[in-house]
């Protein structure tokens, strides 16, 4: 039986194991912040830092390559310079990793992925705005209605809520954007549609699905 779109995306949105390629021992570097955020969010899966020059990062054993990890890996988060990405992606394919997130350290080298009515943009709002400027002409007809929900929980804790929401509102454009440095909230959710009533119904349902006390702000 073919898997649904949401099931195919489980390795990205609900991974059981994550390789951080370009892991760093230096605070405030992408490769350090990503691991720290997962630890602070109490990520229950396995975390595999990948760096050929380090032995341990934030208390975790470091591997030279994903190919050195004996266990299966669901998701690779790649925080490297652009010219390093192709070789690393080939290793990810060889390893059988099911999903990957690209975070370039030297510019806006990030794809805009479209699956049916879902647009997957870079996860950081500043990069989202830059990337959207490049493809905004696709949306230049009837304007979209946008609502934002700022959530205190990490993406892993609310993934099931988002899947349930999309099952009930399949025409909704739903975005999820982690916030690493703002202590007030961990994720910004966006709900978009050309139908204002549809967006309002989806927003009301989302607020009912989210854990009690997890919503910081709605705009």
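Give the stretch 178-215 a look and list any residue that's surrounded by 14 or more Cβ atoms within 10 Å (Cβ to Cβ), part of a helix (DSSP H, G or I) and touching a strand residue (DSSP E or B) at 6+ places or on another chain (Cβ under 7 Å), or say none.
Scanning the stretch 178-215 gives 199, 202, 203, 206.
What is the one condition in (1) within 18 Å of residue 206 (Cβ to Cβ); (2) modelled with pLDDT of 80 or more that residue 118 does not satisfy?
Evaluating residue 118 over (1) within 18 Å of residue 206 (Cβ to Cβ); (2) modelled with pLDDT of 80 or more leaves (2) as the failure.
Hey, any hits in the stretch 138-149 for a residue that's surrounded by fewer than 17 Cβ atoms within 10 Å (Cβ to Cβ), part of a helix (DSSP H, G or I) and at pLDDT below 90?
Yes - at least one qualifying residue is present in the stretch 138-149.
Working carefully through the options 80, 67, 58, find the one that is under 17 Å from the mean Cα position of the chain (by Cα), more than 15 Å from residue 11 (Cβ to Cβ) and assigned by TED's automatic domain parsing to the domain that holds residue 10. Can you show your working first?
On the way: 67 fails: under 17 Å from the mean Cα position of the chain (by Cα); 58 fails: under 17 Å from the mean Cα position of the chain (by Cα).
Only one candidate qualifies: 80.
The values are calculated or read from the model by the stated rules, or taken from the named source; none is laboratory data. A quick note: this is a predicted structure, and the numbers were derived from the prediction, not measured. FYI the Cβ positions are ideal-geometry reconstructions off the backbone, even for glycines, and counts take in every protein chain you see.
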